[in-house]
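Step one of this worksheet: look at the structure below.
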Amino acid sequence: MPDRRRIARRRPAPALLAGRVLAAFLGAAVVATTGLVWYENKQLTDGTHTSTAIKGVKAGDDGYVPPHLGNDVNLLLIGLDSRRDMNGNDLPTQFVEDALHAGSSGIGGYNTNVLILMHIPANGGRVTAYSIPRDDYVERPGGNADVPGLGTIKVPDLGMGKIKEAYNDAKAYAEGKLTAAGVKDKAKVEAESREVGREATLRAVQKLTGVHVDHLAEVNLLGFYDVVKAIGSIQVCLKAPANDPIEYGAGTGLKLPAGVSTIDAATALQFVRQRYHLPDSDLSRTHRQQAFLSSVTHALRAKGVLGDIGSMQSLFGVVKNDIVIDNGWSVLDFAQQASNLTGGNATFSTLPIKGYADVPGGSGGKTSVNLVDPDLIKKTVTTAFGNDAAVAPPPTPVSSASAPSTPATPSTAATKTTITVNNGTKTVGLALKISGVLFDNGIAVTKTGNGGDNVAHTTIRYGTGAADLAKQIQTKLGTKTAPTADKTLPADSIVVTIGHDYKLPPDKPTRPTKPTSATSGAQPSTGAASTPGSNGINGGDDVDMSSQNGIPCVY
Amino acid sequence: MSSAARASTAGSRPRTGRGPAQRTRADQSRSTSSRAPRWLPAAALVLGPALGALLGKAIGGYHGPVFALLTIAAAALAAAAATPSGRWWVVPALPPVAWLIAAAAELAWHNPPYADTKAKAVGLVHATTHVFPVTLAALAVMGLVIAIATVRSRRPRGRRA
């Protein structure tokens, strides 16, 4: 009996035992849950290439801008026109030429063909983003760069030049220094010299815009491709049909109709890279890039990737080898901060230029650049980025041309009728712009082309069954001459030939600050500026991410 | 009083009616804890991380090394001061207590403050990411402390044998 009592006392009471089990279960559950969250979060960023370039631009450097007060985020998106991977190895030639349609691996160097400075207000207001045209002729300050294994190197002032080349030139300088110092590890040379390139780009961008860059994200050609490939496909919308044949080693081969198209990764790359056969060449290309970002965001949102850590992790797993982000970047924070961006509450603009000029440089002895007014650009950017007080309204009104209140829906008649717009003048891109005017009025043009150089009067000819639509086109364009029937044309077809008498409708105001006549800024020593009028060239219509259900239409 | 405190109190309560062998073993295993105040394990468990977050905030990071060190040290102290019975409560209590304090610190002190529920959820992910390695380390230290205490408590019996 005493033994049995002793045994009974040694065992904990059932309630106590249950309590212990419950406590152990709770503790284990918390450990397991926190561990899972930790693991998932870790997986999201592990393996991502990071950069210290943001902190590499130090006080005292020309181009240094002190961090702004408050918690807004200025993010610089860098699209690198490089056909090399992170280790400096050429991407497979066949892949570059056949899949990316990007020419050979020798093309492009390390030009930053995409520079988008994005401002994400802490107060949840509208995201404002500015594309910096790649050929903007700007100061490219030098500075001190800390290169591991080499110490601090003094990157010389790169002088005036295209902003896209700041990266390439500084990288080339650092690469030379590293090689001269006997660094043989190709991947190390690539990584360290790229850092110097990023710092040079940051200095040039900050010098030009007058705002501090808080975070950067760099993506190369392959990154663009992989993002869309990971998503599957995206939808884009064109105001005018695109036809960019590959000729003389240039062109992308893009061929898309006006309206919304669903495109794959390779076509998406063509979409963002096309610069010929566009109304405003590089400026139009910036709108393509803006529309691409909007379309990708739309696709991610539609597929439920945004806000789903698992899906984000999968996407990151695919693209992490192609992108570089700064080491202060938190993907989760960004996802939360950028909820307005992902919600479509964002406006993309292109920084204005004053005109074009030829300056010494390039393979042909001279190269074409965009002249800019640095004071005006600083004023434009700092005003827009500092205007976060109001949450709802964007700092710049959106042009109705790019962001009609309702999506431009081509009429039923238009969809079955072949509409060709020919440019009968020497004005470059006029047929495309006419297509845009018609598109904004709900009529999708099928084809554009040239119709001679010296057509005096605009004509509209139509085949059988297209009289009504031809009349509509005349009304929309406001031309004087009535459409005429042309039996030589196939049925259900219309040919519009634009003559010198046609005048495009005036641009609607897109920004509070329009470019003005030259006020300051370094000018090229040679080369004639072809400044088109005292107002210069604005960057074109803004691209509003909320327009057309997140698929803004561009040229 | 928290469950951990109750547990440690219960664990150190003298028990009557045991045989000489059990009493000796229990007393020996409580050699450290019997000298400690009954409230110490629970207090260490809560105050360690809390103090770590507070001091860390003053220094620069409420989830930084100060938080980690104090949490781990407090966990070791709690494990050492608890009775064998109390350890059943102290050890499982550490993860939720540490997480709650880290989460509260994150939501209370993050600059800028988290504005909405979605932002707060992101904040909780941050807190969790920071606290998990600390919790693991603290649990490992607790295990070590308990193992040492167990070995020490068995040594006299081994000698007698």
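Within region B:119-142, being facing another protein chain (nearest Cβ under 8 Å), closer than 20 Å to A:G124 by Cα and out of contact with any Leu (no Cβ under 8 Å at 6 or more places or on another chain) holds for one residue alone: B:A119. What about A:L432, is it touching a residue at least 40 places away in the same chain (Cβ under 8 Å) and assigned to a helix (DSSP H, G or I)? Yes. Output the residue which, of all residues in region B:56-83 that are open to solvent by 50 Å² or more (accessible area, probe 1.4 Å) and at pLDDT below 95, is nearest to A:T34 (Cα to Cα). Filtering region B:56-83 for residues that are open to solvent by 50 Å² or more (accessible area, probe 1.4 Å) and at pLDDT below 95, the one nearest to A:T34 (Cα to Cα) comes out as B:P65.
Here is a yes/no grid of residues against (1) over 17 Å from the mean Cα position of the chain (by Cα); (2) over 29 Å from A:N89 (Cα atoms):
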| position | (1), (2) |
| --- | --- |
| A:V227 | no, no |
| A:C237 | no, yes |
| A:A240 | yes, yes |
| A:A266 | no, no |
| A:Q274 | no, no |
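The residues on offer are B:L45, B:L40, and the sole one that is modelled with pLDDT of 50 or more, within 13 Å of chain A (Cβ to nearest Cβ) and within 17 Å of the chain's Cα centre (by Cα) is B:L45. Of the strands (runs of 3 or more DSSP E) entirely within region A:161-256, those holding at least 2 residues that are more than 30 Å from A:L306 (Cβ to Cβ) occupy A:242-244. If you go through region A:119-151 and keep only what is within 14 Å of chain B (Cβ to nearest Cβ) and closer than 26 Å to A:D81 by Cα, you end up with just A:I120.
For region A:35-49, filtering for residues that are without any contact (Cβ under 8 Å) to a residue 60 or more places away in the chain and either more than 7 Å from chain B (Cβ to nearest Cβ) or farther than 15 Å from A:L332 by Cβ (or both) leaves 5. Do you know which residues across region B:82-114 are within 7 Å of chain A (Cβ to nearest Cβ) and closer than 25 Å to A:V331 by Cβ? Residues satisfying the conditions are B:W99, B:P112. Each residue in region A:181-195 was checked for being open to solvent by less than 50 Å² (accessible area, probe 1.4 Å) and in contact with a helix residue (DSSP H, G or I) (Cβ under 9 Å, 6 or more places away or on another chain), and 7 pass. Taking region B:68-77 as the range and being away from chain A (no Cβ under 13 Å) and of a type outside the set (S, T, Y) as the test, the residues that pass are B:A68, B:L69, B:L70, B:I72, B:A73, B:A74, B:A76, B:L77.
Restricting to region B:87-120, and then to whatever is touching a residue at least 12 places away in the same chain (Cβ under 8 Å) and over 24 Å from the mean Cα position of the chain (by Cα), can you tell me which residue is least open to solvent (accessible area, probe 1.4 Å)? Ranking the candidates gives B:H110 first. When the test is whether a residue is among the β-branched types (V, I, T) and either modelled with pLDDT of 85 or more or open to solvent by less than 20 Å² (accessible area, probe 1.4 Å) (or both), A:I325 passes it. Among residues of region A:16-33 that are at the interface with another protein chain (Cβ under 7 Å from one of its Cβ atoms) and in a helix (DSSP H, G or I), those with a Cβ under 9 angstrom from a residue that is exposed (fewer than 15 other Cβ atoms within 10 Å of the Cβ) and modelled with pLDDT under 95, sequence gap 6+ or separate chain, pair up as A:R20/A:P12.
Applying the set (1) of a type in the set (A, V, I, L, M); (2) more than 25 Å from A:L315 (Cα to Cα); (3) assigned to a helix (DSSP H, G or I) to A:L36 leaves exactly one unmet item: (2). For B:G123, the requirement of being in contact (Cβ under 8 Å) with a residue 24 or more places away in the chain and open to solvent by less than 20 Å² (accessible area, probe 1.4 Å) is not met.
Taken over region A:181-227, the criterion of being in contact (Cβ under 8 Å) with a residue 40 or more places away in the chain and among the charged types (D, E, K, R) is satisfied by A:K186, A:E190, A:E192, A:R194, A:E195, A:R198, A:E199, A:R203, A:K207, A:D214, A:E218, A:D226.
The values are calculated or read from the model by the stated rules, or taken from the named source; none is laboratory data. As the structure is a computational prediction, the values presented were derived from the model and not from experiment. Neighbour counts run over all protein chains shown; Cβ positions are idealised from the backbone, glycine included. Surface accessibility is based on the protein's heavy atoms, side chains included, excluding ligands, DNA and RNA. Shrake-Rupley method; radii C 1.70, N 1.55, O 1.52, S 1.80 Å.
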